[in-house]
1. Of the residues B:Ile214, B:Ile179, B:Ile160, B:Ile164, which is out of contact with any Phe, Trp or Tyr (no Cβ under 8 Å at 6 or more places or on another chain), of a type in the set (Val, Ile, Thr) and assigned by TED's automatic domain parsing to the domain that holds B:Ile98?
2. Within the stretch B:269-334, considering only strands (runs of 3 or more DSSP E) that don't extend past its boundaries, which have at least 2 residues that are in contact (Cβ under 8 Å) with a residue 24 or more places away in the chain and surrounded by fewer than 24 Cβ atoms within 10 Å (Cβ to Cβ)?
3. Can you find a residue in the stretch B:419-431 that is touching a Phe, Trp or Tyr at 6+ places or on another chain (Cβ under 6 Å) and surrounded by fewer than 24 Cβ atoms within 10 Å (Cβ to Cβ)?
4. Can you pull out every residue in the stretch B:111-125 that is within 11 Å of chain A (Cβ to nearest Cβ) and either touching a Leu at 6+ places or on another chain (Cβ under 9 Å) or in a helix (DSSP H, G or I) (or both)?
5. List every residue pair whose Cβ atoms lie under 8 Å apart, where the two residues are 6 or more positions apart in sequence or sit on different chains, the first residue falls within the stretch B:145-168 and is without any contact (Cβ under 8 Å) to a residue 60 or more places away in the chain and within 19 Å of B:Val318 (Cα to Cα), and the second residue, located anywhere, is among the β-branched types (Val, Ile, Thr) and in a strand (DSSP E or B).
6. Could you say which residue among A:Leu23, A:Leu34 is within 13 Å of chain B (Cβ to nearest Cβ), modelled with pLDDT of 95 or more and either closer than 27 Å to B:Ser308 by Cα or not in a strand (DSSP E or B) (or both)?
7. For B:Leu273, are the conditions met, namely being closer than 28 Å to A:Arg67 by Cα and touching a helix residue (DSSP H, G or I) at 6+ places or on another chain (Cβ under 6 Å)?
8. With A:Gln13, A:Gln64 as the choices, which residue is crowded, with 19+ Cβ neighbours inside 10 Å, of a type in the set (S, T, N, Q) and within 9 Å of chain B (Cβ to nearest Cβ)?
Amino acid sequence: MKNRWIALYVENQVGVLAKVSGLFSGKSYNLQSLTVGTTEDATVSRMTICVMSDDITFEQIKKQLNRMVEVIKVIDLTNVPIHMKEILFAKVKDLKSSQIDEVFRIAEVFSVEVTDIGKDSVMLECKLTERRNNELIELLKAKFRNIEIVRGGAVAIEAISTSCR
Amino acid sequence: MDITGRKLFVKALREEGVDTIFGYPGGMVTDIFDELYKQEDIQVVLPRHEQGLIFEAEGYAKASGKVGVCLVTSGPGATNIITGLADAHYDSIPLVCITGQVPLGLIGNDAFQEVDIVGMTSSVTKYGVTVRDRNDLGRILKMAFHIAKTGKPGPVLIDIPKDIQVQAGDSEYPSEVHIRGYKPNESVHIGQLKKAYRLLKSAKRPLILAGGGIHIGGAHEQLQKFAERTQIPVVTTVMGKGALPANHPLYLGNSGMHGRYSCNIAVSKCDVLFSIGTRFNDRITGDLNEFAPKAKIIHIDVDTAAISRNVVVDVPIVADAKLALEKLCEWAEKQDTEKWICQIREWDKENPLEMRRDRGMTPQMIMEAINQSYKEAIIVTDVGQHQMWATQYLDIGGRKKLITSGGLGSMGFGLPAAIGAKIAKPYQHVVCITGDGGFQMNMQEMATAITQEAPVTICLLNNYYLGMVRQMQQLFYGKRYAATCLRRRKGCPATCKGPNDACPPYEPDFVKFAQCYGAHGIRVTEQSQIADALAQAKRNEDAPTLIEFMIATDELVLPMVKGGNPMSEMILK
């Protein structure tokens, strides 16, 4: 069992997202994240899907996706050089004035932007890999009492050069 | 010139060569019905319930080889066809189902008879969509027919809002359609096929397992030729029954949960299993770890997703059964299988497929009489014990076809599917074999049989029980017959252990039931009456004949493999 990534080109039509996600719930596949948006062609949407599965199930997932009429193309990203980023906002609240500096230091180390600030709150905007975002959340949780997180799920695209991740 | 949606719908039917549709009216399809009223060359079959309707369309599609077309209204009309959609999806039956929908502006308002039927059915249809723009209607209808009948056939649902039906728009019905996400496989990978044949050729104990794909692909001739040239014996699944004629010397019988002893042993002992058009459903494999443990497996299926899903195979081939077998026939050479076939025949002698003959009328006697009565027929079953007896004892193949609900196992399928088959083939004998449970699930369709002047012969095996479940209770649940006795009344003791003198009478009286519709009813209680009853039914061309066969309440379908057990562990007595 491990995380695997799929890029999925689908028809940009009503109900397609529901149908794709319905396949995962209906067949008990373990969906970790799913993002979707239109592509350079307005009639086509592209999904980035992360599933946790074993080899046999993963093969079956790809086949099941492939046989959906609305699915145009299934790309297995598991062993392909890709660029992958996830957007994440973190609000760190109830800060004493001494703690605000600490949030700024963390932002610097993680190379994320401070996008908003109040008298006792700081907001971070992160475009990191999913794993790096996880690490950031763990750190913020350990250090501060009151945080609020929203994350968008990863998007991925095949690399132009051959050694990215 | 622009035309209305309803006119374009009729045009589409005509272009697709549809002369019969199965329709039940309602508020959101009245416009389409009004248009159909004006057409002399399109017959509309009115059933008595939408579930009956879609089973009729399935029977029609199976018997005619054409796409079955259903037309129902929104809301309950649409939800009532869901069981049939799932049934057709499992058994790969081409259907185009049109549902009416509330006008576009009302969708989402919880309007009267509004349901999200496309959303509800997405997991049991091959494709489904709501038409949201009148100018898409032609293209979508063309897509529907194309998708339903190509590749692995299946049901397609097109939801048409009422305003789209009456709105004027493009009059064009395209002659072809390009769908970028849908490319059914139309070729065979020759390299894989060669690999498969080499493996098969090296086998000492080769076995062909033929499934429903042989029927769907129309590959009977090719299969027979291949089997004859190589001399490899053939077993079938329930859906594959008839892939090779029952009396063919290389045909061994059915394998699976209620398969023949020798066939299941042959599957466990073979060294190469050549399976074609089957998806290795749990009823065929039993315990997956013990399935064909000694065999290398070759698997041909048109559906990529069916391959290496349940059983890991050694040589996977995605192809249409007919194409693949045609190619294989070119290479096929005789193999020395004489000893192996003798061995299988020996196993069959050890435990032949046979019911007792010492007392009373058994289902086997009924099936044998049906075998003798009909040289050609379409035989349709319901679901349950009678279905298994039919697949065990009926001679299917050649001019005798079997239509049965295999994957979903929908009780209530038999009568309507038989009516649909009779509508498709009015000059062929259509025999519906059913049970007292399944028959009652759609017996309102008797009216459809009468009004459609479809004189089917209904062989109803009455054992007073929901026999298949009762059999499990009898064998595995200490004879605790929970909710399976159809005689049981409120006043019966809570823990009844089976029939006794105090049992209430059985209702309804099926003979009277038939008669109240103007059909014929015959009750058969003894073996000596079977042949006469069947002969009489054959002569009744004016109306359906229902023959009620009174069989023993405790009759079992044997052999039986308990769900999840290895196929070699059969209950024989």
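The values are calculated or read from the model by the stated rules, or taken from the named source; none is laboratory data. If you're wondering where the values come from, they're calculated on a predicted model, not measured in any experiment. Every residue, glycine among them, receives a Cβ derived from its backbone with ideal geometry; neighbour counts consider all protein chains shown.
1. Working: B:Ile214 fails: assigned by TED's automatic domain parsing to the domain that holds B:Ile98; B:Ile179 fails: assigned by TED's automatic domain parsing to the domain that holds B:Ile98; B:Ile160 fails: out of contact with any Phe, Trp or Tyr (no Cβ under 8 Å at 6 or more places or on another chain).
The conditions single out B:Ile164.
2. Numbers: elements: B:272-276, B:296-301, B:315-318.
Filter on the stretch B:269-334 gives B:296-301, B:315-318.
3. Looking through the stretch B:419-431, at least one residue is touching a Phe, Trp or Tyr at 6+ places or on another chain (Cβ under 6 Å) and surrounded by fewer than 24 Cβ atoms within 10 Å (Cβ to Cβ).
4. At the first step, the residues of the stretch B:111-125 found to be within 11 Å of chain A (Cβ to nearest Cβ) are B:116, B:118-125.
Correct list: B:Val118, B:Gly119, B:Met120, B:Thr121, B:Ser122, B:Ser123, B:Val124, B:Thr125.
5. Sorted first by the residue in the stretch B:145-168, then by its partner, the pairs are B:Ile147/B:Val156.
6. Details: A:Leu34 fails: within 13 Å of chain B (Cβ to nearest Cβ).
Result: A:Leu23 is the single residue among A:Leu23, A:Leu34 that is within 13 Å of chain B (Cβ to nearest Cβ), modelled with pLDDT of 95 or more and either closer than 27 Å to B:Ser308 by Cα or not in a strand (DSSP E or B) (or both).
7. Values: closer than 28 Å to A:Arg67 by Cα: yes; touching a helix residue (DSSP H, G or I) at 6+ places or on another chain (Cβ under 6 Å): no.
Against the criterion (closer than 28 Å to A:Arg67 by Cα and touching a helix residue (DSSP H, G or I) at 6+ places or on another chain (Cβ under 6 Å)), B:Leu273 does not qualify.
8. Values: A:Gln13 fails: crowded, with 19+ Cβ neighbours inside 10 Å.
Testing whether each residue is crowded, with 19+ Cβ neighbours inside 10 Å, of a type in the set (S, T, N, Q) and within 9 Å of chain B (Cβ to nearest Cβ) leaves just A:Gln64.
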